[in-house]
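None of the figures in this text is laboratory data; all of them are computed from the coordinates on show. Being a predicted model, the structure only gives us computed values, none of them experimental. Every residue, glycine as well, gets a Cβ built from its backbone with ideal geometry; the counts of neighbours run over all protein chains shown.
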Amino acid sequence: MTNTPAFSHYRSGFACVLGRPNAGKSTLTNALVGQKVAITSDRPQTTRHTVRGIVSRPESQLILIDTPGLHRPRTLLGERLNTLVMDTLSEVDVIAFCLPADQKVGPGDRFIASRLAEVGRGRSRTPVVALATKADLVDRERLTAHLLEVAALGEWADIVPVSAVEGYQVDVVADVLVSHLPEGPQLYPDGELTDEPESTMVAELVREAALEGVREELPHSLAVVVEEISLREGRDDDHRLLDVRVTLFVERSSQKAIIIGRGGSRLRAVGTAARTGIEALLGDRVFLDLHVKVAKDWQRDAKQLQRLGF
């Protein structure tokens, strides 16, 4: 049972965190939740699924939806990810539009702003809060100039500079987003941080580890599928071990070689990095079994996209 304050004083609802690829959306989501619920990378298009992060406060509950980057699609996968984002926008109470302060407002931002202008529900428009992310990476003069660029880009309910890395104004962002939520009851139990299935979180942790330090082409071509998570038999409660079997799919043999590395060195490093996060997530020791397969041009193949969960 949850301890929900009086209905008339409690706010709850959904906020979509939106922006072009590598705008700081996942890092901000994790900072607001206070724990890692979305993978982060310096590579574009890291996020492939919407991830709900739950921010519970005494008088509100904010459910964050971290989306894939909205962009002009070049593949069938890109089209499906954009559709996923637009479907999400039609169902939330407020939108957080991330525009990184260390980069000028560009065509990608204007593309998203034009799509946001179309978003509404009935006669009332969904409020959009513009967030100047990565504010720690620029000086005051550049931040001021960026805020003016953002203000000129569209009509926003609020504009807030924020640094998820430094913790600058993260609480202010939460306050502003909550202010746009409707009055309503608590939607998730206290202490729950995400409703993502464990298998999805495991796949994302493996994908994050695999993307670390790889070439520019690979992030778009990498898909991860969790084949099995099972408790190894014959172990007592003090020596539990989970067998986690995961397949990484790439589009070409050359990409497979990149993931595996010489003598399997890179794949072992991926496993070591991912295992730490997976064990923290699942709360047990893990034997992580990774395999790499080629699914030629899967981003453009409808049947393969369906098999890989898109």
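Each peptide in 137-144, 246-253, 203-210 was scored by the mean count of other Cβ atoms within 10 Å over its residues; highest first, the order is 203-210, 246-253, 137-144. With viscosity 0.890 mPa s and temperature 25 °C, the Kirkwood radius over alpha carbon pairs of segment 198-307 converts through Stokes-Einstein to a diffusion coefficient of 169 µm²/s. Treating r as the C-beta distance of His291 and Arg142 and R0 as 51 Å, the FRET efficiency rounds to 0.65. The fewest-to-most ranking of Thr272, Thr133, Thr126 by surrounding Cβ atoms within 10 Å reads Thr272, Thr126, Thr133. Semi-axes of the equivalent ellipsoid for segment 128-235, computed as √(5λ) from the eigenvalues of its C-alpha gyration tensor and ordered from largest down, come to 36, 24, 13 Å.
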